[in-house]
1. Out of the residues in region 35-61 meeting the condition of being out of contact with any strand residue (DSSP E or B) (no Cβ under 6 Å at 6 or more places or on another chain) and among the charged types (D, E, K, R), tell me which one is nearest to residue 18 (Cα to Cα).
2. Select from region 48-65 the residues that are assigned to a strand (DSSP E or B) and in contact with a Lys or Arg (Cβ under 8 Å, 6 or more places away or on another chain) and write down the one among them that is most open to solvent (accessible area, probe 1.4 Å).
3. Can you tell me which residues in region 82-120 are touching a Pro at 6+ places or on another chain (Cβ under 7 Å) and either without any contact (Cβ under 8 Å) to a residue 24 or more places away in the chain or within 28 Å of residue 17 (Cα to Cα) (or both)?
4. Show the residue pairs meeting these rules: Cβ distance below 6 Å; 6+ apart or different chains; first residue within region 66-81 and among the β-branched types (Val, Ile, Thr); second residue part of a loop (DSSP other than H, G, I, E, B).
5. Regarding residue 5, is this residue over 16 Å from the mean Cα position of the chain (by Cα) and surrounded by 13 or more Cβ atoms within 10 Å (Cβ to Cβ)?
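The values are calculated or read from the model by the stated rules, or taken from the named source; none is laboratory data. Everything numeric in this text was worked out from a predicted model, so none of it was measured. Backbone-built Cβ (ideal geometry, glycine too); neighbour counts: all protein chains shown. Just the protein is used for accessible areas: all its heavy atoms, side chains included, with ligands, DNA and RNA removed. Shrake-Rupley method; radii C 1.70, N 1.55, O 1.52, S 1.80 Å.
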Amino acid sequence: MSPRVTESQLDPSIAARLKRDADGLVCAVVQSRAGEVLMVGWMDDEALHRTLTTGRGTYWSRSRQEYWVKGDTSGHVQHVHEVRLDCDGDALLVVVDQEGPACHTGTRTCFDTHVLLAGS
């Protein structure tokens with residue numbers, strides 16, 4: 001298990017702009033370079049720092065309480081092309097080149113099975 005880092009090397013000017021939840025996390029929406037929404041993950045300062053410095057999608061697993069690099073176990077690697085912070089500082093957009101499925105269920109995206117409302 002990878003313990004949570006309490007003092008990250010994230011650039012202080014970036015860290016100052018983040019609005020974290022009560023657990024110190026920011027929502028990260030992951031999108032392909034073609035614009036397809038692939039998944040949602042959670043990042044603390046260290047996960048964001050690792051993502052920015054390695055170019056690999058790195059997240060904090062709320063269920064396992066550890067860092068995970070997308071693809072280290074599955075082989076479905078995310079090569080990060082761009083990271084954007086929204087206007088409120090409480091969400092990130094991570095634009096990636098995704099190798100293989102993004103969803104842990106084996107589908108390309110986590111948003112393709114439960115359609116609650118389709119175009120009218």
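1. Here the residue is 45.
2. Here the residue is 56.
3. Step one: of region 82-120, the residues touching a Pro at 6+ places or on another chain (Cβ under 7 Å) are 107-108.
Of everything in region 82-120, just one residue is touching a Pro at 6+ places or on another chain (Cβ under 7 Å) and either without any contact (Cβ under 8 Å) to a residue 24 or more places away in the chain or within 28 Å of residue 17 (Cα to Cα) (or both), namely 107.
4. Note: pairs meeting the criteria are 77/71; 77/99; 80/55; 80/57.
5. Criteria met by residue 5.
Okay, residues lined up against (1) basic (Lys, Arg); (2) open to solvent by less than 70 Å² (accessible area, probe 1.4 Å); (3) modelled with pLDDT of 95 or more; (4) in a loop (DSSP other than H, G, I, E, B):
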residue	(1), (2), (3), (4)
20	yes, no, yes, yes
27	no, yes, yes, no
89	no, yes, yes, yes
95	no, yes, yes, no
107	no, yes, no, yes
